[in-house]
Amino acid sequence: MSLLWTLQWQAILLLFYLRFYDPFCMCDKVNIPYYIDNKKKHEHTLHYFPRQSTLVCDVCALEGGSEYLYVCLLCDFIVHKRCTDLPYVIKVSCHDHRLAFTPKLPYKEWTTNCGVCHTKIYENYGEYSCRMKGCVYAMHSRCAMQSGVCDGKELEGEPEEETYKNTKMYEEKGDGIIQHLSHLIHLMRLEENFHDDTNNCQACIRLFYDDGNVYRCMKCDFIILHESCAYMPRVKQSMLNVHRLFLSLDYTTRWFECKRCYRYSCGFAYVCPLEVSRLELDIFCASISEPFDYHSHPHPLFISE
């Protein structure tokens, strides 16, 4: 007797019992449907399985446990109630393109590792993947729904975010000369192999101790930027926030606390305009990418909640 046949009859008998003989076996405050008919999630009707089980959900690959389960009586498909409510198209913090839900498929064109937990995505379970041509990126559905990765908003049918053609904070005025938005009154010149352990970069508030390239004001000696800081874009997608961030110069005259590393800064800040708390990140945290190389550890590091 196959597991599928057993599950089918168990589900049928339990549903029959619930409907006609034991109407009080479920708390009347729990309002869940006996069946779900959503062709986008599954081609067949899904039926409520009213008992705890160790069966594995075919969407998130986790055991049922105490969560509500639904089963397909026509094929080998089991799913949590919460997994049937997952959005179809989402925006995540760790990828530039939107991701679309891909259900369990018997054969997939490729397999890859999850972009969040970096473990293998198995072909027997659902995933969120990028549909852009030539872009191979995917993540587990359970990883995609983490609070720091996605806000859970359904974006199917929603227009794409506005594309900013020019995100530069500076304008080139000549060979090695720029006019930066943080200092419009004077031009700034590129200087190579600069070292000064007494002055700070106006953007990141770090000293110039690494003998790197900087942009220095041609008239004001105290206005100096690391070359990389001068090139920071006006609009940025950070791995530490779901929504796009906008560079603000309003914090160069006062201190603010970065909401990720909790260090204080009075340099450039990246701000999320969509958050009630107005998330503020210094340019170091806003620029974190994976894999992250740290001088005190021999292996690449990855972000973890």
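Look at where the Cα atoms of region 183-204 and of region 216-235 average out, and the two centres are 5 Å apart. Separation of the alpha carbons by more than 27 angstrom is noted, of K133/K259; K41/K259; K40/K236; K153/K259; K91/K173; K173/K259, for K133/K259; K41/K259; K40/K236; K91/K173; K173/K259. Packing-based ranking of 37-44, 232-239, 119-126, 279-286 yields 279-286, 232-239, 119-126, 37-44, ordered from highest to lowest mean Cβ neighbour count within 10 Å. Label positions at H97 and C261, each projected 7 Å from the Cα along the C-beta direction, are separated by 3.2 nm.
Residue-wise HN-Hα couplings along region 225-233, as the Karplus relation 6.51 cos²θ - 1.76 cosθ + 1.60 with θ = phi - 60° gives them from phi, are 10, 4, 4, 5, 6, 5, 8, 4, x Hz; Gly and Pro carry x. Scalar couplings 3J(HN,Hα) for region 38-55, obtained by applying the Karplus form with A = 6.51, B = -1.76, C = 1.60 to θ = phi - 60°, are 9, 5, 6, 8, 7, 6, 10, 5, 9, 10, 5, 10, x, 7, 5, 8, 9, 5 Hz; x denotes Gly and Pro.
Applying 1/(1 + (r/R0)^6) with R0 = 41 Å to the Cβ-Cβ distance of D221 and R82, what FRET efficiency is obtained, to the nearest 0.05?
E between D221 and R82, to the nearest 0.05, is 0.10.
Highest average first, the peptides 171-180, 137-146 ordered by how many other beta carbon atoms sit within 10 Å of their residues are 137-146, 171-180.
Each value in this text was obtained by applying a stated rule to the coordinates, not by laboratory testing. Keep in mind it's a predicted model, so treat the numbers as computed, not measured. Note that we place each Cβ from the backbone using ideal geometry, even for glycine, and neighbour counts take in every protein chain shown.
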